[in-house]
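K.L.:
One structure is given below, represented as structure tokens, and several questions about it will come after.
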Amino acid sequence: MAILVVVDGMGDRPVASLGGETPLEAANTPHLDGLADGGATGLVDVVRPGVPPGSDTAHLALLGYDPYCDYTGRGGFEALGAGLTVEEGDVAFRGNFATVEDGVVVDRRAGRDVEEGDELASLLDGVSPDGFPGVEARVRHTTQHRCAVVLRGTGLSRAVGDADPHVEGTEVPVVEPLDGSEEARRTAEVLNALGEKFHEILEGSEINERRSTEGKPPVNRLLIRGAGVVPDLEGFYERFGVRGSFVAPVALYRGVCLSAGLKPVGLDESVVSMGDVEQVEAEAEEAAGAANSDFLFVHVKGTDNASHDGRCGDKVDVIEAVDAMVGELRAAHGGHVAVTADHSTPCSIGRHSGDPVPILVHGPEVRPDDSESFGEGSCGGGNLHRLRGRDVIYELMNLEGRVGLHGE
Ligand SMILES: [Zn+2]
């Protein structure tokens with residue numbers, strides 16, 4: 001079985017409090033170091049050198065697709081990953097339950113932990129905006145304050161702006177069309193009407209009365225953003241003749257994997273409420289037990305969470321949990337393994353950067369290089385040199401004998 005482990009936001013820069021090492025270099029990672037020592041290493045420009053990748057485009061690239069041509073917006077992946085059906089002609093979005101006062105967003109996350117998320121989403125699911133009886137919204141709660149939304153109807157377009165101001169203290173914006181098409185104009189109107197309809201339903205719900213007695217802020221708006229459709233991708237089986245599966249609890253990554261034709265193994269978003277390290281341990285158990293696949297994709301989120309919050313020490317802990325997981329995977333499955341990241345998220349800046357990410361590839365007949373450990377610095381001298389993100393899967397599939405001849 002070939003395995004690709006993507007450690008979200010693992011790449012970093014030297015950190016003074018870690019003695020000038022990156023979190024990956026500072027972490028105690030005997031398994032990863034052993035694989036780097038006996039395997040090949042390099043650096044990956046996941047989207048393009050110097051361009052900070054989004055997690056969506058980065059994962060498309062790492063699964064072998066073109067992050068510029070094949071990307072059709074984030075919403076389609078979110079909805080698919082949340083378990084909603086997305087049909088041709090549908091436009092999908094991410095949504096946040098939020099608290100609004102007099103049209104001004106006072107909390108984009110309505111207190112963040114919206115326990116009543118499932119109930120609230122069911123109030124909005126199936127609603128048609130006033131004036132657009134042929135358009136229906138499907139709404140699914142995912143985690144905390146997050147939702148996925150699918151708009152179904154004729155004449156819709158993903159060329160629309162967000163109904164989310166992205167900052168608090170400002171008004172909910174009017175959705176604007178992003179091109180001159182009739183479809184974009186109509187979709188913007190649909191979204192504006194839908195936002196008002198959702199607001200009306202949420203304001204009148206007894207769930208908010210209950211929340212107010214519990215001292216929680218009201219959930220009275222769904223802020224919608226990230227319009228997208230599910231891209232029409234050549235599936236993994238068609239491309240490589242392999243049966244692929246994935247362990248990825250978070251909706252976005254599930255959606256990218258599903259759109260590539262990979263099958264889910266265990267674990268849904270409920271594990272997202274676990275601690276970052278515990279989540280890796282749960283994933284390790286699922287991934288070690290995965291069978292009936294030729295390819296397994298494993299996604300780890302905790303490193304990125306820690307990086308965005310500037311928690312370097314926690315990032316080191318998650319990387320050490322990944323190390324243990326990779327050890328378990330090697331004990332459970334033969335074949336080739338690649339370990340890399342979807343982008344760097346340096347703790348010092350708390351956001352994605354365009355710095356290349358380290359990669360190791362290990363398994364039968366891999367040409368070893370001089371690197372003795374897994375880190376940003378040591379991988380820079382490896383014999384994989386600098387790869388594009390979209391080439392990673394080809395490197396791995398080539399070692400498994402799964403890439404067809406180009407030419408004759
Ligand atoms: Zn990411």
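Please treat every number below as a calculation from the coordinates, not as lab data. What you see is a predicted model, and the numbers here were worked out from it, not measured in a lab. Here the Cβ is made from the backbone with ideal geometry for all residues, glycine too, and neighbour counts use every protein chain on show.
K.L.:
Take peptides 329-336, 89-96 and line them up by average Cβ neighbours within 10 Å, highest first, as a rough protection proxy.
P.N.:
On the way: 329-336: 16.4, 89-96: 24.5.
Order by mean packing, descending: 89-96, 329-336.
K.L.:
Using modelled amide H (1.01 Å from N, peptide plane; none on Pro or chain starts), what sits under 5 Å from the amide H of D107, excluding residues fewer than 5 places away?
P.N.:
Placed amide hydrogens put T99 under 5 Å from D107.
K.L.:
Please give the charge dipole size of the chain, origin at the Cα centre, charges +1 on K and R Cβ atoms and -1 on D and E Cβ atoms. Round to the nearest 20 debye. Kindly include the intermediate steps, with their values, before the conclusion.
P.N.:
Details: 34 positive and 70 negative charges, 106 e Å.
Its charge dipole is roughly 500 debye.
K.L.:
Same structure, new question: Quick one: Karplus J couplings for the stretch 348-355, per residue in order, coefficients 6.51, -1.76, 1.60, θ = phi - 60°, nearest Hz, x for Gly and Pro?
P.N.:
Karplus values, whole Hz, x for Gly and Pro: 5, 10, x, 8, 4, 10, x, 5.
K.L.:
Which residue fluctuates the most in the chain, going by a Gaussian network model with Cα springs under 10 Å, if the choices are V106, V175, V167?
P.N.:
Judging by the Gaussian network model, the answer is V167.
K.L.:
Sort out for me the Cα centre separation of the stretch 355-408 from the stretch 105-133, rounded to whole Å.
P.N.:
Their Cα centres are 44 Å away from one another.
K.L.:
Here's another thing I want to ask about it. Using the alpha carbons of the stretch 166-289, what is the convex hull volume per residue in cubic angstrom, as a whole number? Walk me through the numbers on the way to the answer.
P.N.:
Details: hull volume 22.1 nm³, N = 124.
Convex hull volume per residue, Cα atoms: 178 Å³.
K.L.:
Using the alpha-carbon centroid of each, what span in Å lies between the stretch 311-337 and the stretch 195-271?
P.N.:
Between the Cα centres of the stretch 311-337 and the stretch 195-271 lies a distance of 27 Å.
K.L.:
On to the next question. As a check on your grasp of the helix formula, calculate [θ] at 222 nm for the chain: sum -39500 (n - 2.57) over DSSP H runs of n ≥ 4, divide by the residue count, round to the nearest 500. Present the calculation step by step, with values, prior to reporting the outcome.
P.N.:
Working: 14 runs with 134 residues, N = 408.
After summing the helix terms and dividing by the residues of the chain, the value is -9500 deg cm²/dmol.
K.L.:
Which of M274, M325, M397 ends up with the largest GNM mean-square fluctuation for the chain, with Cα atoms connected below 10 Å?
P.N.:
So, out of M274, M325, M397, the one fluctuating most is M274.
K.L.:
Then there's this: Can you give the % of DSSP beta bridges in the chain that are antiparallel, to the nearest 5?
P.N.:
Bridges in the chain are about 60 percent antiparallel.
K.L.:
Can you give the Rg to Rh ratio for the stretch 1-159, taking only C-alpha atoms and Rh from Kirkwood? Let's see the in-between values first.
P.N.:
Details: Rg = 20.9 Å, Rh = 19.3 Å.
Using Cα coordinates only, the ratio equals 1.08.
K.L.:
Would you kindly calculate the translational diffusion coefficient of the chain, applying Stokes-Einstein with the Kirkwood radius from alpha carbon pairs, for 37 °C and a viscosity of 0.692 mPa s, and quote it in µm² s⁻¹ without decimals? Write out the running numbers ahead of the final one.
P.N.:
Working: Rh = 22.1 Å.
The estimated diffusion coefficient comes to 149 µm²/s.
K.L.:
Here's something else I'd like to know. Would you kindly give the portion of the calculated P(r) for the stretch 78-228 that falls above 18 Å, as a percent of all Cα pairs? Don't skip to the answer; put the middle values down first.
P.N.:
Working: 5941 of 11325 pairs.
Tail fraction, whole percent: 52.
K.L.:
Another question, then. What net charge do the residues around G241 carry, taking every other residue with its C-beta under 11 Å from that of G241, with Lys and Arg at +1 and Asp and Glu at -1?
P.N.:
Numbers: positive: R239, R243, R402; negative: E238, D294, E400.
Around G241, the surrounding residues sum to 0.
K.L.:
Label points 7 Å out from Cα along the Cβ direction at S181 and E372: separation in nm?
P.N.:
My value for the distance between the label points is 5.8 nm.
K.L.:
Given the stretch 1-88, what whole percent of its Cα pairs are spread farther than 21 Å? Can you show the working numbers first?
P.N.:
Details: 1907 of 3828 pairs.
Everything past 21 Å amounts to 50 percent.
K.L.:
So, in Å, what gap is there between the alpha-carbon centers of the stretch 75-101 and the stretch 26-42?
P.N.:
Centre-to-centre distance over Cα atoms comes out at 39 Å.
K.L.:
Sorted by mean Cβ packing within 10 Å, highest first, what order do the peptides 282-290, 41-49, 131-139, 399-407 take?
P.N.:
Highest-to-lowest ranking by the protection proxy: 41-49, 282-290, 131-139, 399-407.
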